[in-house]
Amino acid sequence: MKLGLISDTHGHVPNAVHAALAGVDYILHAGDVGPMDVITELEAIAPVHAVLGNTDYGIALPVTRLEEFGGRTILIHHIVDVDFPSQTVRELLSTEKPEIVVFGHTHMPFDELRSRIRFINPGSASQPRGGTAPSVAILELSGETPALQSIALQES
């Protein structure tokens with residue numbers, strides 16, 4: 001199973017996202033979506049599971065999602081400080097025990113294993129920071145260890 005990971009679109013889905021995420025089974029959007037038109041556009045690629053970001057207002061999305069894909073529990077939440085998680089995130093990690101956490105907010109790609117939990121930020125598809133390129137990622141769940149492919153988008 002392939003999951004497309006995207007975050008921080010802020011109302012803009014670059015054309016390169018369509019090619020980069022073509023063929024994924026689902027898309028996980030880790031917040032700062034922009035208007036719901038973004039979700040509609042992404043759903044033309046694959047079904048979308050999205051959460052609210054700190055700049056999302058007036059759209060009907062949950063703040064947090066706990067999903068199971070390919071037998072793996074994945075927590076999707078916009079702001080996750082991996083060094084100092086908020087009380088809400090700490091409680092979810094403790095009670096729900098996700099194997100993977102997908103988050104956004106920093107606009108910079110991140111992939112690190114901490115205390116047996118893999119934390120993944122796909123970066124920003126439309127407004128990268130820190131000298132990084134616009135990016136998305138594909139998480140391949142078949143096999144014993146999930147494989148992550150970070151994809152730098154050609155700006156359009």
> Quick check: is even one residue across region 3-15 under 27 Å from GLY131 (Cβ atoms), hydroxyl-bearing (Ser, Thr, Tyr) and touching a residue at least 60 places away in the same chain (Cβ under 8 Å)?
Replying inline: yes
>> Suppose we filter VAL24, VAL51 for residues that are surrounded by 15 or more Cβ atoms within 10 Å (Cβ to Cβ) and in contact (Cβ under 8 Å) with a residue 60 or more places away in the chain; which single one remains?
In response: VAL24
> Which one of the conditions (1) under 15 Å from ILE100 (Cα atoms); (2) β-branched (Val, Ile, Thr); (3) at pLDDT 95 or above does VAL82 fail to meet, given that it meets all the rest?
Replying inline: (3)
> For GLU140, are the conditions met, namely being of a type outside the set (Val, Ile, Thr) and surrounded by fewer than 15 Cβ atoms within 10 Å (Cβ to Cβ)?
Replying inline: no
>> Among the residues that make up region 146-156, is at least one of them within 13 Å of THR9 (Cα to Cα) and among the hydroxyl-bearing types (Ser, Thr, Tyr)?
In response: no
> For residues in region 143-153 being surrounded by fewer than 14 Cβ atoms within 10 Å (Cβ to Cβ) and modelled with pLDDT of 95 or more, which is farthest from ARG72 (Cα to Cα)?
Replying inline: GLN149
> Tell me, which residue of region 83-133 that is of a type in the set (Val, Ile, Thr) and exposed (fewer than 15 other Cβ atoms within 10 Å of the Cβ) is nearest to HIS18 (Cα to Cα)?
Replying inline: THR88
> Only one of (1) outside any loop (DSSP other than H, G, I, E, B); (2) without any contact (Cβ under 8 Å) to a residue 60 or more places away in the chain fails for LEU139. Which number is that?
Replying inline: (2)
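The values are calculated or read from the model by the stated rules, or taken from the named source; none is laboratory data. Predicted model only: the values in this text are computed from it and were never measured. All Cβ positions, glycine included, derive from the backbone under ideal geometry; neighbour counts span all protein chains shown.
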